[in-house]
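A.B. asks: Here it is: the structure, laid out below.
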Amino acid sequence: MSLLMAVSSSPRRNGNTGLLLNSFVEGVKSQGWETEICRIHYLNIGMCQACDFCAKEGECILDDDMQYIYSRIKEAQGLVVASPVYFGTVSGQLKIFIDRFQCWWQAKYRLNSPFVSEEEGKKGFFICVSALTNKNYCANAAEVAKVLFHNLNYRYIDSLSFEGFDIKGSIKEHPDALEKAFESGKKFASK
Ligand SMILES: Cc1cc2nc3c(=O)[nH]c(=O)nc-3n(C[C@H](O)[C@H](O)[C@H](O)COP(=O)(O)O)c2cc1C
């Protein structure tokens with residue numbers, strides 16, 4: 001069975017990001033995939049120390065919840081990352097998470113031994129929510145996510161942007177948005 005790892009980077013429980021991610025995950029599940037959701041704000045994830053341990057060893061010296069996440073992303077066939085816009089880009093929680101893939105970057109580019117090869121055809125998807133409209137903040141955040149997928153050798157498939165949502169859970173008043181996320185999950189899983 002294929003595995004989807006789903007990463008939510010909002011600290012808000014039942015916030016817009018989490019609700020949209022849940023709908024996407026339901027769409028993926030409907031195609032028979034196994035899924036696992038990680039709410040990174042609630043995990044023990046330290047910041048990259050730029051200690052360069054990974055430049056020699058190809059792995060991260062920090063012994064925290066990222067070690068489990070690395071192993072699951074190695075196993076998975078799909079990775080969906082969801083973020084609220086914070087100050088024009090991804091949330092700080094997500095940026096800390098992304099920087100912890102420096103060991104994957106080192107393994108790929110310096111040690112020539114990537115954890116995942118491009119040939120495996122693993123797929124990545126990004127979901128973003130912002131309060132403001134017409135600012136291109138979600139597009140900006142998507143650029144950051146694309147760098148992550150590239151360095152992981154996950155093929156970036158697409159992203160969904162939802163602009164104009166600020167109040168916690170307000171996305172629930174827009175079932176069309178949740179439906180769109182569900183359908184995107186279905187399509188992602190069946191491609
Ligand atoms: C620290 C912080 C910074 C934010 N910065 C922006 C911003 O730059 N642009 C924007 O459109 N919305 C910004 N927002 C609003 C959130 O993106 C918006 O409320 C979103 O719906 C939150 O998603 P959530 O419910 O999943 O947490 C910010 C919110 C917070 C808490």
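Quick note: the coordinates plus some simple rules give every number you see, no bench work behind them. Not measured: the values here are computed from a predicted model. Positions of Cβ are generated from backbone atoms using ideal geometry, with glycine treated the same way; all protein chains shown enter the neighbour counts.
A.B. asks: Extending each Cα 7 Å along its Cβ direction at GLU143 and LEU43, get the distance between those two points in nm, one decimal.
C.D. replies: Modelled inter-label distance: 2.7 nm.
A.B. asks: Mind checking the alpha-carbon convex hull of the range 3-190 and giving the volume per residue in Å³?
C.D. replies: 102
A.B. asks: Cross-link candidates for LYS180: which lysines have Cα within less than 24 Å, leaving aside residues fewer than 8 places away along the same chain?
C.D. replies: Excluding near neighbours in sequence, the set is LYS29, LYS122, LYS123, LYS135, LYS146, LYS168, LYS172, LYS191.
A.B. asks: Find, to one decimal place in angstroms, the Kirkwood hydrodynamic radius of the range 34-83, where the mean of 1/r is taken over every pair of different Cα atoms and then inverted.
C.D. replies: One over the average 1/r among Cα pairs gives 12.5 Å for the range 34-83.
A.B. asks: Still on this structure, please answer the following. What length, rounded to one decimal in nm, is gained on full extension from GLU173 through to GLU26, with 0.36 nm per residue of separation minus their alpha-carbon distance?
C.D. replies: Full-extension gain reported as 51.1 nm.
A.B. asks: Of all beta bridges DSSP finds with both residues in the range 3-190, what is the antiparallel percent, to the nearest 5?
C.D. replies: The antiparallel proportion sits near 5 percent.
A.B. asks: Something else about it: Mind checking which of CYS54, ILE167, SER117 is farthest towards the positive end of the range 50-191's charge dipole, using Cβ charges of +1 (Lys, Arg) and -1 (Asp, Glu) about the Cα centre?
C.D. replies: SER117
A.B. asks: Sticking with this one: Tell me, which cysteines of the chain are without a disulfide-compatible partner by the Cβ under 4.7 Å rule?
C.D. replies: Those would be CYS38, CYS48, CYS51, since no other cysteine Cβ in the chain comes under 4.7 Å of theirs.
A.B. asks: Still on this model: Only four residue types carry charge here, +1 at the Cβ of Lys and Arg and -1 at the Cβ of Asp and Glu. Report the dipole size of the chain about the Cα centre in Debye, rounded to the nearest 20.
C.D. replies: 200
A.B. asks: Rounded to the nearest 500 deg cm²/dmol, what is the calculated helix-only ellipticity per residue at 222 nm for the chain, with -39500 (n - 2.57) per DSSP H run of length n ≥ 4?
C.D. replies: Calculated from helices alone, the mean residue ellipticity at 222 nm is -11500 deg cm²/dmol.
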